[in-house]
Amino acid sequence: MNLTTSSDAVTGESVITTYFICELLIALFAVVGNSSIIAAFAMNRRLRTIQNYYIVSLAAIDFSMGFSLFRSCCLHWMVKESNGWGYVSSYLRVIVLMDLCSIFSIWALTFDRFYAVCRPFSYHAVMTRKRTIIHIAAAWLIL
C-alpha cells in the first residue's frame with residue numbers, strides 16, 4: 001500500500017526553487033564579502049602592502065564570480081529558461097575563465113611568498129609595488 005500522497009511528494013519545481021535560493025544566497029555573500037575586502041583596501045592606506053594586492057586581486061575575481069552567478073541566477077529565474085544549453089555552456093565558459101584567473105593569481109601569490117621566504121633580505125628590493133601589479137596583471141591576462 002502506498003502511503004505517500006501528492007502533497008507529501010517533493011516536486012521538481014520546489015527543488016529548483018530551493019536550489020536557486022541557495023545559489024542566490026551564496027552569490028550575495030560572495031558579492032558583499034569581497035566588496036568589503038576591496039573597500040577596506042581602498043580606504044585604509046595601511047592595508048596597501050604587497051601581499052594584500054594579491055588578496056584584493058583574489059577578492060576581485062571572487063566578486064566578479066559572485067556577481068555573474070547572482071546575475072545569471074536572477075536572469076534564469078525570471079526567464080525560466082530550462083532548455084538552453086547555450087546558456088549553460090556560456091555560463092560555464094565564464095566560470096572556467098574566472099577559475100583559471102583565480103588559479104593564476106594564487107600561483108602569483110605563492111611565487112611572492114616563496115621569494116619572501118627564500119630571499120628575505122633582497123625581497124623588498126625586488127618585489128616592488130610595480131612588479132606586484134605586473135604579476136597580477138599577467139595572472140589576469142594570461143588567459
- request: State the number of residues belonging to segment 10-68 that are aromatic (Phe, Trp, Tyr) and in contact (Cβ under 8 Å) with a residue 60 or more places away in the chain.
  value: 2
- request: Return only the number of the condition from (1) within 14 Å of the chain's Cα centre (by Cα); (2) within 23 Å of SER36 (Cβ to Cβ); (3) at pLDDT below 95; (4) surrounded by 14 or more Cβ atoms within 10 Å (Cβ to Cβ) that VAL56 does not satisfy.
  value: (3)
query: If we scan segment 32-41, do we find a residue that is closer than 18 Å to LEU69 by Cβ, surrounded by fewer than 14 Cβ atoms within 10 Å (Cβ to Cβ) and modelled with pLDDT under 90?
result: no
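Just for segment 1-29: of the residues that are among the acidic types (Asp, Glu) and in a helix (DSSP H, G or I), which one is modelled with the highest pLDDT?
Within segment 1-29, the first condition is being among the acidic types (Asp, Glu), and the residues that meet it are 8, 13, 23.
Now drop any that are not in a helix (DSSP H, G or I), which leaves 13, 23.
On the way: GLU13: 72, GLU23: 81.
The selected residue is GLU23.
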query: Looking at segment 64-76, is at least one residue modelled with pLDDT under 95, within 14 Å of the chain's Cα centre (by Cα), within 25 Å of TRP140 (Cβ to Cβ) and charged (D, E, K, R)?
result: yes
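The values are calculated or read from the model by the stated rules, or taken from the named source; none is laboratory data. Keep in mind the model is a prediction, meaning the values are calculated, not measured. Reconstructed Cβ throughout: ideal geometry from the backbone, glycine too, with neighbour counts over all protein chains shown.
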